[in-house]
Each structure stands twice: as structure tokens, then as C-alpha cells.
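Below: one structure, written as C-alpha cells.
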Amino acid sequence: MKRLVLLSAFLVGAAAVSLAGQQHGMWQASGDRPLTLVPIAGTWNADYENAQQILTIDGTAAREPHAGALSELFGSDAPAMAKSLAAPAAYPLAVVRDVKMFKAGRLEVQFKLVAGESDQTAGVFFNLHPNGDYCYARYNTKDGNVAIWKFENGARAVLVHGELHEQLPLNQWHTLQVVVAGQSVTATANNRWRAAHTFDTPIAGRIGVWTKQDSVTSFKGFKAQGTH
């Protein structure tokens, strides 16, 4: 089992990320090898804030699944992934290209809740399979908590809601963290809001960031440490 230490920062131009998969948001590894965050669904924009690069997902601007990126990432499984992303309940996603099988460790990202018709939300997904099924941890303002969900067969279902319900302020940076240890997953926001769930099988899949179709969310400073 390889040891994974990925400390990433967005290295993208000011223009919107290419839908064809030819230009993607870059993640900087701890060494010389860059990691790439590949948008596969949703509208993504790259920008700077205080000289630090950020990516913003506009879930309100619907786009077709990114065929070029899907082909690059999933090969012969791309049609199955595209079908999942085309489901009415599918969500905007961006996948870390260079981590194909995250099994255990710590995922972390800073997020800013910008806008949303019904609520504002930010998430980290894990256990993404080629058929489009995955799990994710998210904070949203509607419930005011952290929760762990699964997206399976084109529909989502909640696995556990955190007990603390309080509102995070909009347009400020917060931290969402996911710790995977075997079949146990713990998610926290700002080291305070918390949810934990034990799965029936070990975690093993791709990772990335997530939001809802009616939300606008910014992300920066994604980090991943663990095994693959």
C-alpha cells in the first residue's frame, strides 16, 4: 500500500475551466508532481483572492457532463459515469485526477458559502466509483449542520446528520475535514460541527469537491493525506 501525502493548491488561470478537459484546475503536490482537479459536472470559474487561487462552482448554471474529462479519467467506464451525472438529481463535481483510489486518511478543504436559492452548501466527496456512485460530507445552511450522505443509482440518501445545528456566516472561509479509517468516516466543519458514520464495507474510490445545483460555493487549499 502506497503512502499518499498530497498538499494541494489551485494553480489555474483566471478564465473558466475548460469543459473539454484540456485545461483543469491544478493541485500542487508536496513534491514536484502537480495534481489536477478535473471538473466533470457543473460550471467552474477560477479566480484569485488576496493573491491566493480559488475555484468557484456555480451550481445554478447547469452544464452537460464534461465528456473529454470523463474519457480522460474513466476510460471505458466514462459512459456509465456520464449517465450518472445526467440524472436529474446529480450534482456538480470536480475530481482529483492523480488519486485514483483513496482508502484511508484525511481530506480537508477551505470553503466559502456564496449564494443559493434554498440554501448554501459545500462538500467533500469520497468513494467515487466508475458507475457514478459516491459518498460525501457536507455542511449546509438549511440544516445548519454537517451530514454524511451517499449518492447511489442516481439518487441521494442521508446516512447521518450531525447533532449541532448552527449557522455559519456567508462569504467567509471555513474548513471542512473528512477522516477515513477503514469503514469509519468522521466529518467536521471548523473543528466543531461533527458527523460520524460506519460503512458496511471499506472506503476505496476517487475524491474531490461537491455542491448542490442551486448553490454557488468557492473552494481553496484542498489537502489529502493518507493511503492509496
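The values are calculated or read from the model by the stated rules, or taken from the named source; none is laboratory data. Treat the numbers as computed from the prediction; the structure is a model and nothing was measured. We place every Cβ from the backbone using ideal geometry, glycine too, and count neighbours over all the protein chains shown.
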>> Condition first: under 15 Å from F111 (Cβ atoms), at pLDDT below 95 and surrounded by fewer than 18 Cβ atoms within 10 Å (Cβ to Cβ). Can you find one or more residues in segment 192-207 that meet it?
In response: yes
>> If a residue must be of a type outside the set (F, W, Y), outside any strand (DSSP E or B) and under 14 Å from N127 (Cα atoms), how many such residues does segment 182-199 contain?
In response: 2
> Do the conditions hold for K212, that is, is it touching a Lys or Arg at 6+ places or on another chain (Cβ under 9 Å), part of a loop (DSSP other than H, G, I, E, B), surrounded by 23 or more Cβ atoms within 10 Å (Cβ to Cβ) and of a type in the set (K, R)?
Replying inline: yes
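Yes/no matrix, rows are residues, columns are (1) surrounded by 21 or more Cβ atoms within 10 Å (Cβ to Cβ); (2) touching a helix residue (DSSP H, G or I) at 6+ places or on another chain (Cβ under 6 Å); (3) within 22 Å of D214 (Cα to Cα):
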site	(1), (2), (3)
E72	no, no, no
A82	no, yes, yes
P88	no, no, yes
V96	yes, no, no
> Just wondering, is there one or more residues in segment 37-49 that are part of a helix (DSSP H, G or I) and modelled with pLDDT of 70 or more?
Replying inline: no
>> Residue under question is S184, and the condition is that it be out of contact with any helix residue (DSSP H, G or I) (no Cβ under 8 Å at 6 or more places or on another chain), touching a residue at least 12 places away in the same chain (Cβ under 8 Å) and within 17 Å of T56 (Cβ to Cβ); does it hold?
In response: no
>> If a residue must be loosely packed, with under 14 Cβ neighbours inside 10 Å and in contact (Cβ under 8 Å) with a residue 60 or more places away in the chain, how many such residues does segment 157-174 contain?
In response: 1
> Out of (1) assigned to a strand (DSSP E or B); (2) surrounded by fewer than 24 Cβ atoms within 10 Å (Cβ to Cβ); (3) in contact with a His (Cβ under 8 Å, 6 or more places away or on another chain); (4) not aliphatic (A, V, I, L, M), the odd one out for K100 is which?
Replying inline: (1)
>> Consider segment 52-83. How many of its residues are of a type outside the set (D, E, K, R), touching a strand residue (DSSP E or B) at 6+ places or on another chain (Cβ under 9 Å) and over 17 Å from H129 (Cβ atoms)?
In response: 11
> Can you name the condition, by its number, that G21 falls short on among (1) surrounded by 17 or more Cβ atoms within 10 Å (Cβ to Cβ); (2) in a loop (DSSP other than H, G, I, E, B); (3) modelled with pLDDT of 85 or more; (4) among the small types (G, A, S)?
Replying inline: (3)
> With segment 113-175 as the region, which strands (runs of 3 or more DSSP E) entirely inside it contain at least 1 residues that are over 17 Å from Y91 (Cα atoms)?
Replying inline: 145-152, 155-161
